[in-house]
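Trainee: Before I ask anything, here is the structure I am working with.
The values are calculated or read from the model by the stated rules, or taken from the named source; none is laboratory data. Only a predicted model underlies this, so the values are computations on that prediction, with no experimental measurement involved. Note that each Cβ is placed from the backbone with ideal geometry, even for glycine, and that neighbours are counted across all protein chains shown.
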Amino acid sequence: MNEKADMTIGNNSDKSCRILRVEKSSIYDGRGLRNVVFFKGCPMQCAWCSTPESQSFNAEIGIDLAKCINCGECAKACKKGALQLNGQPVLQRELCDGCFTCAEVCKKRAIKKYGLDVRTTQLASNLVKDEIFYFHSGGGVTLSGGEPCAQSESAAELLHELKKHGVHTSIETALCCSWENIKTLLPYLDCVLADIKHMDSDIHKRWTGFDNSTIIENIHQLDSSDYPFSFILRFPLIPDINDDDENLYALAALTRKLTKKLQSIEILPYHRLGSITYKYLGRDYRLEETSVSTVAHIEERVNYLRSCLPGVPVMA
Ligand code: SF4
Ligand code: SF4
């Protein structure tokens, strides 16, 4: 399937979106307990991404070879000839159309399904079923990914449906898309959690595949918006990539210009959850040699940023 063509999914009149999964009862993705809708597909390829199975806009499979018993049922079932048994299942991804027949026949559940096309109205009605739970926990629904703004029309429909039922709505976005896409969602959002990964555009591109010019422009646009959402800037703290004084000072300089809406900065310490998924996808994890920071190092970096930013809450 053509990757660029797939990026338009949901931006048509069929009111469907491609998601990875819905996770229930998260405490990490906005206020209260939240159901999180992970959209499939992101224009960026961050080296530290903890959900690499969300990056491709295509539906795809992952193979957990530790569970596989080499029975060959998946290869027999694959009509595209994408799977061959060669001591173990070997996948030619360019031939795979994401039909998931192989996952259905695998009795060992060694094949995982990544990607699901759903009607936005059906998804909304399923999410609304938990409205009592949102009410009592002060939570709601968060769109995450992948990049929800890359499927902006279907994401807007989903948010609109949720707002009709009074559900609190948030989005986690890397802002790596056009302002037009982002603007479509703002009338239906209570909170925007937006990432910035590195202040140096060349280094940003090296580690994410995307320079930061559009992202920084979008950050300024968000801060000057008249819509009443709350705005939180998030910064993944990655050892030896973006946690140096110079970069944190530059982050503080950007933040000082966000005087209208920005409420706080959230630091997201590096973790390695999800690194096994790169193996399922047959991809290399670029940060294989990177260790998780000590608590003391994270605290020291957060305190440094705070010292550059009096008056702006920095949370970790
Ligand atoms: S069907 Fe499952 S267990 Fe059998 S070879 Fe394929 S992945 Fe392995
Ligand atoms: S998802 Fe479908 S096309 Fe792809 S490997 Fe499995 S059976 Fe073959």
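Trainee: So, in the range 81-105, how many residues would count as being in contact with a Gly (Cβ under 7 Å, 6 or more places away or on another chain) and more than 8 Å from ligand 2 (Cβ to nearest atom)?
Mentor: Residues in the range 81-105 being in contact with a Gly (Cβ under 7 Å, 6 or more places away or on another chain) and more than 8 Å from ligand 2 (Cβ to nearest atom): 1 in total.
Trainee: Here is a further query. Restricted to the range 81-95, and to residues that are exposed (fewer than 14 other Cβ atoms within 10 Å of the Cβ) and assigned to a loop (DSSP other than H, G, I, E, B), which residue is nearest to ligand 1 (Cβ to nearest atom)?
Mentor: Within the range 81-95, the match that is nearest to ligand 1 (Cβ to nearest atom) is Gln88.
Trainee: I want to confirm something. Restricting to the range 282-302 and keeping residues that are among the hydroxyl-bearing types (Ser, Thr, Tyr) and over 20 Å from the mean Cα position of the chain (by Cα), which single residue is surrounded by the most Cβ atoms within 10 Å (Cβ to Cβ)?
Mentor: Applying the filter and picking the extreme gives Ser293.
Trainee: Still on this structure, I have one more. With respect to Asn70, is the statement that it is within 16 Å of ligand 1 (Cβ to nearest atom), more than 27 Å from Cys17 (Cα to Cα) and touching a strand residue (DSSP E or B) at 6+ places or on another chain (Cβ under 8 Å) true?
Mentor: Yes.
Trainee: How many residues does the range 71-80 hold that are more than 8 Å from ligand 2 (Cβ to nearest atom) and either surrounded by 14 or more Cβ atoms within 10 Å (Cβ to Cβ) or within 31 Å of the chain's Cα centre (by Cα) (or both)?
Mentor: Of the residues in that region, 3 qualify.
Trainee: If you check Leu33 against the conditions, is it touching a Ser or Thr at 6+ places or on another chain (Cβ under 7 Å), among the hydrophobic types (A, V, I, L, M, F, W, C), in contact (Cβ under 8 Å) with a residue 12 or more places away in the chain and surrounded by fewer than 22 Cβ atoms within 10 Å (Cβ to Cβ)?
Mentor: Taking the combined requirement at face value, the residue satisfies it.
Trainee: Would you confirm, using the coordinates I've provided, whether His136 is more than 22 Å from Ser54 (Cβ to Cβ), crowded, with 16+ Cβ neighbours inside 10 Å, more than 16 Å from ligand 1 (Cβ to nearest atom) and not basic (Lys, Arg)?
Mentor: No; evaluated as a whole, the condition is false for this residue.
Trainee: Sticking with this one: Which numbered condition in (1) within 16 Å of ligand 1 (Cβ to nearest atom); (2) more than 30 Å from Pro239 (Cβ to Cβ); (3) not small (Gly, Ala, Ser) is the only one that Lys15 fails?
Mentor: It fails just one condition, (1).
Trainee: Same structure again: Inside the range 140-238, counting only helices (runs of 4 or more DSSP H) that do not spill past its ends, which hold 2 or more residues that are touching a Leu at 6+ places or on another chain (Cβ under 7 Å) and farther than 18 Å from Gly41 by Cα?
Mentor: 152-164, 213-223
Trainee: While we're on this one: Could you check, for the range 25-36, whether at least one of its residues is more than 14 Å from ligand 2 (Cβ to nearest atom), part of a strand (DSSP E or B), at positive phi and of a type in the set (Gly, Ala, Ser)?
Mentor: For the range 25-36, residues more than 14 Å from ligand 2 (Cβ to nearest atom), part of a strand (DSSP E or B), at positive phi and of a type in the set (Gly, Ala, Ser): present.
Trainee: Test of understanding: among Asn58, Asn70, which residue is assigned to a loop (DSSP other than H, G, I, E, B) and modelled with pLDDT under 95?
Mentor: The unique qualifying residue is Asn58.
Trainee: Another question, if that's okay. What tally of residues in the range 96-130 results from selecting those that are on the phi < 0 side of the Ramachandran plot, within 16 Å of ligand 1 (Cβ to nearest atom) and surrounded by fewer than 20 Cβ atoms within 10 Å (Cβ to Cβ)?
Mentor: 9
Trainee: A follow-up question, please. When you scan the range 280-316, how many residues do you find that are without any contact (Cβ under 8 Å) to a residue 24 or more places away in the chain, outside any loop (DSSP other than H, G, I, E, B) and either farther than 17 Å from Asn242 by Cα or not basic (Lys, Arg) (or both)?
Mentor: Within the range 280-316, residues that are without any contact (Cβ under 8 Å) to a residue 24 or more places away in the chain, outside any loop (DSSP other than H, G, I, E, B) and either farther than 17 Å from Asn242 by Cα or not basic (Lys, Arg) (or both) number 6.
Trainee: Would you be able to say whether some residue in the range 188-199 is out of contact with any strand residue (DSSP E or B) (no Cβ under 8 Å at 6 or more places or on another chain), assigned by TED's automatic domain parsing to the domain that holds Glu266 and free of Cβ contacts under 8 Å to residues at least 24 places away in the same chain?
Mentor: No, that holds for no residue.
Trainee: Let me ask you something else. Report yes if some residue within the range 203-222 is buried (at least 19 other Cβ atoms within 10 Å of the Cβ), in the same structural domain as Arg18 (by TED's automatic domain parsing), closer than 18 Å to Val37 by Cα and at pLDDT 95 or above; otherwise report no.
Mentor: Within the range 203-222, none of the residues are buried (at least 19 other Cβ atoms within 10 Å of the Cβ), in the same structural domain as Arg18 (by TED's automatic domain parsing), closer than 18 Å to Val37 by Cα and at pLDDT 95 or above.
To keep it simple, each residue is scored yes or no on (1) outside the structural domain of Tyr280 (by TED's automatic domain parsing); (2) not aliphatic (A, V, I, L, M).
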position	(1), (2)
Gln45	no, yes
Cys49	no, yes
Lys67	yes, yes
Gln84	yes, yes
Gly87	yes, yes
Leu95	yes, no
Cys102	yes, yes
Lys129	no, yes
Ile132	no, no
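Trainee: Within the range 57-70, restricting attention to residues that are within 14 Å of ligand 2 (Cβ to nearest atom) and more than 21 Å from Arg272 (Cβ to Cβ), which residue is surrounded by the most Cβ atoms within 10 Å (Cβ to Cβ)?
Mentor: Ile61
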